[in-house]
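Since the structure comes first, as structure tokens, the remarks are kept for the end.
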Amino acid sequence: MKILDVGCGKNKTAGAVGIDIDRDSAADIIHDLDKFPYPLPDNEFDLLICSHIIEHVSDVKGFLDELHRVAKPNAVIKGITPHFSNPCGYYDPTHRHYFGFKFLEFFSKGRTRSSGGFLFRA
């Protein structure tokens, strides 16, 4: 199983390819996630992990489109982001977006989706 840890920071998932903008991170690929396309091949990953990163990107749709592009068919994309009602989400001035439980319904167009953290199949 090939795993991509998107915005991995210093805590990259074991065995994953990490991508992050921070040169001091554990990333294998240093790249600004607001610049498309990502330097990754199409249909490459079985599992994409996005822990506390989607709230930082400027273009949410572009970010999700890139995840979908690099995911293999039926890959799982797992993520977590603060809920807009959590006051801690507003503490970090680098957060650009705040999400509710059903935010993926706006983007999903029939893809499998979940509430809470986000989970959908490519």
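Which condition number does residue 73 fail, the rest of (1) open to solvent by less than 60 Å² (accessible area, probe 1.4 Å); (2) touching a residue at least 40 places away in the same chain (Cβ under 8 Å); (3) not in a loop (DSSP other than H, G, I, E, B) being met?
(1)
Taking residue 41 as meeting all but one of (1) more than 14 Å from the chain's Cα centre (by Cα); (2) touching a residue at least 40 places away in the same chain (Cβ under 8 Å), write down the number of the exception.
It fails just one condition, (2).
Go through the residues of segment 80-103 one by one and say whether even a single one is at pLDDT 65 or above, crowded, with 18+ Cβ neighbours inside 10 Å, assigned to a loop (DSSP other than H, G, I, E, B) and of a type in the set (Val, Ile, Thr).
Looking for residues that are at pLDDT 65 or above, crowded, with 18+ Cβ neighbours inside 10 Å, assigned to a loop (DSSP other than H, G, I, E, B) and of a type in the set (Val, Ile, Thr), one finds at least one in segment 80-103, hence yes.
If residue 55 satisfies all but one of (1) buried (at least 17 other Cβ atoms within 10 Å of the Cβ); (2) charged (D, E, K, R); (3) modelled with pLDDT of 95 or more, what's the number of the condition it fails?
(3)
Anything in segment 12-28 that is free of Cβ contacts under 8 Å to residues at least 24 places away in the same chain, open to solvent by 40 Å² or more (accessible area, probe 1.4 Å) and either assigned to a strand (DSSP E or B) or touching a Ser or Thr at 6+ places or on another chain (Cβ under 9 Å) (or both)? List them, or say none.
12
The values are calculated or read from the model by the stated rules, or taken from the named source; none is laboratory data. Quantities reported herein were computed from a predicted structural model and do not represent experimental measurements. We place every Cβ from the backbone using ideal geometry, glycine too, and count neighbours over all the protein chains shown. Keep in mind that these areas ignore ligands, DNA and RNA; they rest on the heavy atoms of the full protein, side chains included. Shrake-Rupley method; radii C 1.70, N 1.55, O 1.52, S 1.80 Å.
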